[in-house]
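Structure record follows, encoded as structure tokens.
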Amino acid sequence: MNSGEIRHCRLLFRTISDGKEKPVEKTKKQKSVWYLVLIAVLILMIRYFEQITGFLKTVGSVAMPLAMGCGIAYVLNIIMSAMERHYFTRKNAPWVEKTRRPVCMAACIVAVLGIIFLLIRVVAPELINAVLLLGEGVPVYVEKGLTWAVNHSGGIPALKEWLESLAIDWPKIIQQFLGSLTDILNSTVELVGVLTGSIVRLFMSLIFGIYLLSGKERLLDQAKRILKVFFKEKDYTRLFHVVTVAHHTFTSYIAGQCTEAVILGSLCTVGMLIFRFPYAPMVGALVGATALLPIIGAYIGAIVGAFMILTVSPGQVIPFICFLVILQQVEGNLIYPKVVGSSVGLPGMWILAAVTVGGGLWGIPGMIIGVPMTATVYKLFSEYIHTREKER
């Protein structure tokens with residue numbers, strides 16, 4: 001090989017090398033620009049933190065009906081899908097296909113609204129009546145308690161003198177209570193305004209949820225097309241897997257919790273009727289409704305139920321608590337595993353953590369959705385660990 005050919009090869013190698021380096025340098029410059037943009041955005045966010053948070057709160061309050069509509073549509077879709085699967089399954093007539101969605105959607109909405117109305121109709125009047133009865137009986141209970149304490153404190157003269165010196169001015173306490181009720185009634189106009197606004201937002205959310213349900217297949221196809229455009233095939237597959245796991249977990253959890261709440265409320269009502277406890281239908285409905293809250297829901301139902309029974313039959317409070325504890329143990333160890341099964345797949349420690357953190361962040365809705373959210377993360381992380389172990 002002569003010197004000219006050697007120079008030609010060197011020039012060709014240098015050209016190829018320069019061609020390989022240019023994309024690398026371009027990529028480095030692009031990364032540097034993105035880093036600078038990210039730093040600038042972070043600085044602006046820190047500098048205008050209050051303005052940004054205020055803007056986000058405004059946007060959140062405006063978009064809240066839409067978010068509620070998405071949640072309503074998701075919950076109603078679970079019931080509606082079950083109805084559609086059982087809607088004239090042996091007939092393939094055209095009228096069946098045309099009427100399946102509207103009929104099942106209307107039946108689903110009517111059923112849910114009917115259950116909510118029934119709970120309010122059964123629970124609210126009796127609860128108000130129990131509060132009034134307890135208010136009337138408190139002075140009598142306190143006087144009886146003080147009399148019993150004075151009669152049994154003979155061995156402690158100082159305690160007996162202190163108990164005898166207690167004088168509760170019940171007329172004054174009742175007058176203060178009525179005064180507070182007057183203040184509440186004076187703000188009735190504001191209360192009606194707030195209640196009207198809440199009803200309007202709830203109605204808008206329901207309408208938006210109905211629109212989502214009516215065209216859910218088209219919306220799902222559009223979402224898939226958009227994701228395929230903006231994500232690579234590998235990233236799209238991963239994202240779709242995450243969404244599938246989350247959907248399966250949320251659907252199984254919501255359906256299982258609702259079924260378990262109905263069973264627990266029915267058993268509580270039947271048991272209270274058998275043992276002749278007062279307020280059987282109301283307490284049963286209340287226990288079933290509070291069972292939707294994981295862990296703490298059972299205790300809330302027990303406390304409110306015991307409070308209701310206390311107003312009319314104090315001697316039955318302890319037997320009622322014992323009955324409810326036994327019922328919850330039977331339900332938790334026999335019925336719940338059969339109904340819900342291992343669909344959530346979350347250890348008890350993480351369930352308690354999910355309820356605590358979710359309740360602290362978003363209140364009662366956070367307690368409900370905290371468990372399936374944590375279960376989704378737990379399943380995905382378990383899959384990741386299992387995959388990494390196989391790769392080794």
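The values are calculated or read from the model by the stated rules, or taken from the named source; none is laboratory data. In this text, all values refer to a predicted model and were calculated from it rather than measured experimentally. Don't worry about glycine lacking a Cβ; one is built from the backbone with ideal geometry, like all the others, and counts go over all protein chains shown.
Restricting attention to the range 273-297, the residues that are in contact with a Phe, Trp or Tyr (Cβ under 8 Å, 6 or more places away or on another chain) and of a type in the set (Phe, Trp, Tyr) add up to 2. Is it the case that Ile116 is in a helix (DSSP H, G or I), at pLDDT 80 or above and either of a type in the set (D, E, K, R) or under 18 Å from the mean Cα position of the chain (by Cα) (or both)? In short, yes.
For the range 219-238, indicate whether the set of residues that are surrounded by 15 or more Cβ atoms within 10 Å (Cβ to Cβ) and out of contact with any helix residue (DSSP H, G or I) (no Cβ under 6 Å at 6 or more places or on another chain) is non-empty. Walk me through how you get there before you give the answer.
Going residue by residue through the range 219-238, those that are surrounded by 15 or more Cβ atoms within 10 Å (Cβ to Cβ) are 236.
Add one more test, that the residue is out of contact with any helix residue (DSSP H, G or I) (no Cβ under 6 Å at 6 or more places or on another chain), and what stays is none.
No: zero hits.
Residues in the range 241-299 that are in contact (Cβ under 8 Å) with a residue 24 or more places away in the chain and on the phi > 0 side of the Ramachandran plot were compared, and the one that is surrounded by the fewest Cβ atoms within 10 Å (Cβ to Cβ) is Ile295. If only residues of the range 234-293 that are charged (D, E, K, R) and part of a helix (DSSP H, G or I) are counted, the one that is modelled with the lowest pLDDT is Glu260. Of the residues screened, Lys98 is one that is within 21 Å of Leu220 (Cα to Cα), free of Cβ contacts under 8 Å to residues at least 40 places away in the same chain and of a type in the set (D, E, K, R).
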